[in-house]
Amino acid sequence: MMEDVDRAIVDEEDLGFIKIHIQDGTDRIIGATIVAERASELINEMSVIMHAGIGMKALAETIHTYPAQSEGIMLAALEFVRQKSAAG
C-alpha cells in the first residue's frame, strides 16, 4: 500500500502497508497495523484519530497534507468507503 503514497515513492520508502482494523458492521476504528519506514509518525495520527472517535467515513473525507506519508491513512479510509459503497 505504501507504493501508492506519493511521498513514500519520492523518499524511496515505499515498502510497507497500513491496515486499519474496524469494528464489525460499523466504521469505528479499533486499531491499526502500520509497517512502514515512518510508522512512528503514522501511529501518532492513528492514536489521535482513535481517541477522537473519528470513523472511517469521516477520515476519508478529511483533507490530508500532500505529499505526506499520512496520505496512506487517508487512502486506506477511502478504500474502505469505496468497498462499503460497492457492497451496497
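Structure notes:
- Residue match in region 6-13 (condition: open to solvent by less than 50 Å² (accessible area, probe 1.4 Å) and of a type outside the set (A, V, I, L, M)): yes
Conditions (1) among the basic types (Lys, Arg); (2) touching a residue at least 40 places away in the same chain (Cβ under 8 Å); (3) touching an Asp or Glu at 6+ places or on another chain (Cβ under 7 Å); (4) part of a helix (DSSP H, G or I), marked per residue:
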| residue | (1), (2), (3), (4) |
| --- | --- |
| 7 | yes, yes, yes, yes |
| 25 | no, no, no, no |
| 63 | no, no, no, no |
| 73 | no, yes, yes, yes |
| 84 | yes, yes, no, yes |
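- Qualifying residue in region 41-56 (condition: more than 19 Å from residue 4 (Cβ to Cβ), of a type outside the set (Val, Ile, Thr), modelled with pLDDT of 95 or more and in contact with a helix residue (DSSP H, G or I) (Cβ under 7 Å, 6 or more places away or on another chain)): no
- Inside region 1-28, residues that are modelled with pLDDT of 95 or more, of a type in the set (A, V, I, L, M) and closer than 12 Å to residue 73 by Cα make up a count of 4.
- Any hit, region 39-56, residues being open to solvent by 40 Å² or more (accessible area, probe 1.4 Å), among the charged types (D, E, K, R) and farther than 13 Å from residue 18 by Cα: no
The values are calculated or read from the model by the stated rules, or taken from the named source; none is laboratory data. Because the structure is a prediction, the values reported are computed rather than measured. Neighbour counts are summed over all protein chains in view; Cβ atoms, including those assigned to glycine, are modelled from backbone coordinates with ideal geometry. We work out accessible area using only protein heavy atoms, side chains counted, and drop any ligands, DNA or RNA first. Shrake-Rupley method; radii C 1.70, N 1.55, O 1.52, S 1.80 Å.
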